[in-house]
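Structure record follows, encoded as structure tokens.
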Amino acid sequence: MSAKSLYLKRAWYVAALSSEVDATQLFHRRILGMSILIYRDARGEAVALQDRCPHRFAPLSMGSRVGDAIACPYHGLRFDAGGHCVHNPHGRGQLPKGQVVRSFPLIERHGFLWIWMAEEAADPALLPDFAPLDEGHANGVGHTYMKLPVDYRLILDNVMDLSHVDYVHGEIITTRGQLSPLIPQVEETDHSVSASWDYSQTPPIGIFAPFLPRPEETARHSIRVTWTAPANIQLSIAAAQDDVPFEQGVSQYDLHSCTPGDENETHYFFATRRNHAEEDGDYNRFKTAAMHAAFETEDGPIIAASQREMGGEEFFDLKPMLLSNDLAAVKVRRQLQRAIDNENATSSGWGRAVARS
Amino acid sequence: MSAKSLYLKRAWYVAALSSEVDATQLFHRRILGMSILIYRDARGEAVALQDRCPHRFAPLSMGSRVGDAIACPYHGLRFDAGGHCVHNPHGRGQLPKGQVVRSFPLIERHGFLWIWMAEEAADPALLPDFAPLDEGHANGVGHTYMKLPVDYRLILDNVMDLSHVDYVHGEIITTRGQLSPLIPQVEETDHSVSASWDYSQTPPIGIFAPFLPRPEETARHSIRVTWTAPANIQLSIAAAQDDVPFEQGVSQYDLHSCTPGDENETHYFFATRRNHAEEDGDYNRFKTAAMHAAFETEDGPIIAASQREMGGEEFFDLKPMLLSNDLAAVKVRRQLQRAIDNENATSSGWGRAVARS
Amino acid sequence: MSAKSLYLKRAWYVAALSSEVDATQLFHRRILGMSILIYRDARGEAVALQDRCPHRFAPLSMGSRVGDAIACPYHGLRFDAGGHCVHNPHGRGQLPKGQVVRSFPLIERHGFLWIWMAEEAADPALLPDFAPLDEGHANGVGHTYMKLPVDYRLILDNVMDLSHVDYVHGEIITTRGQLSPLIPQVEETDHSVSASWDYSQTPPIGIFAPFLPRPEETARHSIRVTWTAPANIQLSIAAAQDDVPFEQGVSQYDLHSCTPGDENETHYFFATRRNHAEEDGDYNRFKTAAMHAAFETEDGPIIAASQREMGGEEFFDLKPMLLSNDLAAVKVRRQLQRAIDNENATSSGWGRAVARS
């Protein structure tokens, strides 16, 4: 009741890659501290239920499908996609009225399944538009998923502040020391924070150089990251030579989205759409795998180690030494916390299950 | 002092199978949150001590036997079966007076060692009689033990409500959908709860069909489970055809007994006595192994997963959706909790060691 | 601020064997609940820093050396051995003033690196003198290190009370039952506690017998242990035959020093200097390995099991049954606790990070 949620609830979180949930599977993931079952109905539409039978609390994902209903593995009760009990093989077979399993609105968009975890009515307008991910050849976009044993805000910090790139990552995305000295342009609205860097480097960034007219020569670069609630960061990067405008240069449009499993576990989703070698499926697979590996072997271990050194304390309580590059990341943390505090001040109900114990 | 026990203390719990404790071994098991040492004296009589030297708290089970005494592995102090120090090799060798290691009454009966964990005098009358386990050929009874990472009350729920059988278990004990629709007959006394189901199925239950006159044809079945404190469930099942009374049919008499290791660990003991193929040692081994496997691979994983989904909350606090089949299990939980509350209201002393921290 | 430290802080703890920290390595160890980085500067002098970047809390030990400075693995900030930021590649490159990473005084002596964990100025006079470790042939002294999952005070108890030797250890150091019956001579000053035992045994103690004139015959033995704060125990043992004084007998001079990693982890350091077979490198390696093995396979498992049986309770709260041999160990616990309490009563500041949560 009065327990406060750690998380923003009135928001859309990525629950899964579209490709993770196939036509027959009972897919399970822990989201904001709650077990969630996701599956597709006969029409292919994905639905989400709390992954817990209301009778004796067995996970429904251990059960089986009977048409579009799910049969509990323990006593065979069946629930429809709306969380109503539609079959009770016990006693006189009476069915409880109303929704007995919590269901969650889902939207499938941009290659992801987005879930709404608040008890208040879902507001589709709160799902930001990442339409560029959908535009272009099917081989020009890649999606991936990683699970990390960290607080999701440490990943937001990582992506909002790209000054780490030259220290953490290797040849393929180094800025050759050009980005760090820049003080990024930071813009904040009441629902977003963005940072942008414009600079030149020679040779150009490794992922783009082969697609530029003169791979060994200087190119102008533009990078912009934009956070929107709860945990999406859209990153655009472009490089161009001569007087070619960025819109006609080599570029890609990425989305990094973080979903807390719980306080110390993050589901990290990533998509990247590029405007070059769009039809090359091999290159697409290579690019996605490289991104996955970079995060898993480079950022991931440092972030996990930082979390251990923080010893369970809140970031600002540790009085971090902040640099000019941190401005956007700090604004994200503050705007996110204000939104959570505001929600807790006006919320009630189901939230209890995910409160800090 | 005022700390409350989570467990009923004035009661007999199964500490071990008789066969687990041989003539020479120092057997260790954690029971109600306390480490217990069990061994047999020279006459073969089993004794139980707290498995902790009172000097520097080394486990006595890591020590050695000197006659019927146990020598501590750390400094060689020796204790007799009553917990008195009988040898002190240090200084002038003074022996502390009185009981310095807590000892626990044990009764060996029905193939089990039963332990009394309360500080109050043991009351043998509180050990229910399961004499049928002892009657008949030695190959007609089997005992087994399993450890599960769950609250013991979830196993009581499982056995008291057999409506799960058709959903969790396979061909050998399916009731072919006949049991679930029945509303069991529930009886409660001030120290027991029982539920019974009477029905017919075709063909008969798999474990009995081969021993019935016409294995493919309908048989009447009778099943009865009876809980007694703290955590014993006696299950009787019989099948008969034509006008043969159940007493002359094919039947077995089982005991399921659960002993909490701690809040999240249960020692689950099982014995089964049958009235058919009694002299067949191979069949006896097969039957015990099948029972063991059924629980470990079918009920066990679902119960453990349910415990995880309960997230440390008390069962009734989660407002379970109860069905007609749950009546007996609910009565058991309530009667057990009343007994624990009553005991806590009138208890004092040693209880502290097992209190919830 | 008002949080109390569990540990004595104004004292020197062994942080590492000298040999553990080589010329290039960034060595990490957790000490009194804090991550510590140790490395050697260009002159070979060892320095210690908190192993945590003040920016985003990445472990500096995951970074790299740039001369005598350490570059953070995450954003490339560099810190000198005094904890000052000497390079900031971001924005205008401003350097924060003052010490931004906590540094810790180190003294290298007797084959160990000793660390001062208090915020108050280090007092070298508080490092006891163990000069005999340094005197003699290089092959006459051995050092070793073991990590144990126990409260360090349980190891102090172990070494201060040698009456366990005949029960825990084997032939090489048995006293053949001679030590236990003695009531040790205990002496206490305001900064030390010692216990000594003098007795004869036949044959002499296994480690010395081969070096005595008549290995099979009776020898006089003298053993003395002396604790000094925070967790050093100096053990001297000698054996002699006929009227040879102990100073001319066969002897060794050992240091046991325990450093808490945290409440349940101890870094246990050991050094032994002998006056016989001093130039024999093979024997030296054998002797160190034997000591290491004895602790790891004999004392260690019993101490770890005792800690488990204590269930997180404080030793004296469990009302241990104390023997005459425990006197010195009890005095050590009491003197140590008085020193900690006294320090907490007069301390402030940094201590918070290692307080019991």
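Please treat every number below as a calculation from the coordinates, not as lab data. On a predicted model such as this, the values are computed, not experimentally measured, just so you know. No Cβ is skipped: glycine too gets one built from the backbone with ideal geometry, and neighbour counts run over all protein chains shown.
Here are some notes:
- Working value for the stretch B:24-151: equivalent-ellipsoid semi-axes of 31, 15, 15 Å, each the square root of 5 times a Cα gyration tensor eigenvalue, largest first.
- 5 angstrom amide H check on B:His90, placed H, neighbours 5+ away: none
- Extents of the stretch B:236-357, taken as max minus min of Cα coordinates on every principal axis and listed largest first, are 53, 33, 32 Å.
- Pairs from the list B:Lys4/C:Lys4; A:Lys9/A:Lys287; B:Lys147/B:Lys319; C:Lys147/C:Lys287 with a Cα-Cα gap above 21 Å: B:Lys4/C:Lys4; A:Lys9/A:Lys287; B:Lys147/B:Lys319.
- Computed E for C:Glu171/B:Tyr283 - FRET, C-beta separation, R0 60 angstrom, nearest 0.05: 0.70
- Cysteines of chain B lacking any other cysteine Cβ under 4.7 Å from their own Cβ: B:Cys85, B:Cys258.
- Stokes-Einstein D (µm²/s) once Rh is taken as the Kirkwood radius of chain A over alpha-carbon pairs, at 4 °C in 1.567 mPa s: 59 µm²/s
- Cut-off 13 Å between beta-carbons: net charge of the residues surrounding C:Lys331, Lys and Arg +1, Asp and Glu -1: -2
- Relative contact order [Cα under 8 Å, 6+ residues apart], chain C, whole percent: 21 percent
- Taking the label point 7 Å along Cα→Cβ, A:Ala138 and its counterparts in the other copies are spaced 7.0, 7.1 nm apart, in ascending order.
- A Förster radius of 51 Å, combined with the Cβ-Cβ distance separating C:Thr346 from C:Thr218, puts the computed FRET efficiency at roughly 0.45.
- 0 to 90° range, to nearest 10: angle between helix B:300-310 axis and chain B longest Cα axis: 70 degrees
- Other copies of B:Ala290: label-to-label distances in nm, shortest first, labels 7 Å along the beta-carbon direction: 6.0, 6.0
- Total formal charge among the other residues, if their Cβ is under 11 angstrom from that of C:Arg10, Lys/Arg +1 and Asp/Glu -1: -3
- Seen from C:Ser236, the other residues with C-beta closer than 13 Å to its C-beta sum to a net charge of 0, counting Lys and Arg as +1 and Asp and Glu as -1.
- The label point for B:Gln178 and the one for B:Asp243, both projected 7 Å from the Cα toward the Cβ, are 2.0 nm apart.
- Taken over the Cα atoms of the stretch B:160-291, the convex hull encloses 129 Å³ per residue.
- Working note: 222 nm ellipticity from helices only, DSSP H runs with n ≥ 4, each -39,500 (n - 2.57), summed and divided by the residues of chain B, gives -5000 deg cm²/dmol to the nearest 500.
- Stretch gain in nm, segment C:Lys97-C:His292, where the contour uses 0.36 nm per residue and the Cα spacing is subtracted: 65.6 nm
- Given R0 = 41 Å, the distance between the Cβ atoms of A:Arg30 and B:Ser18 translates into a calculated FRET efficiency of 0.40.
- Inter-part distance where the stretch A:1-66 and the stretch C:282-308 are each reduced to a Cα centre, Å: 51 Å
- Here the Debye sum runs over all C-alpha atoms of the protein assembly as shown as equal scatterers in vacuum, and log10 of I(q)/I(0) at q = 0.05 Å⁻¹ comes out as -0.46.
- Rg in Å to one decimal, and Dmax rounded to a whole Å, for the stretch C:177-240 via C-alpha atoms: 13.6, 42
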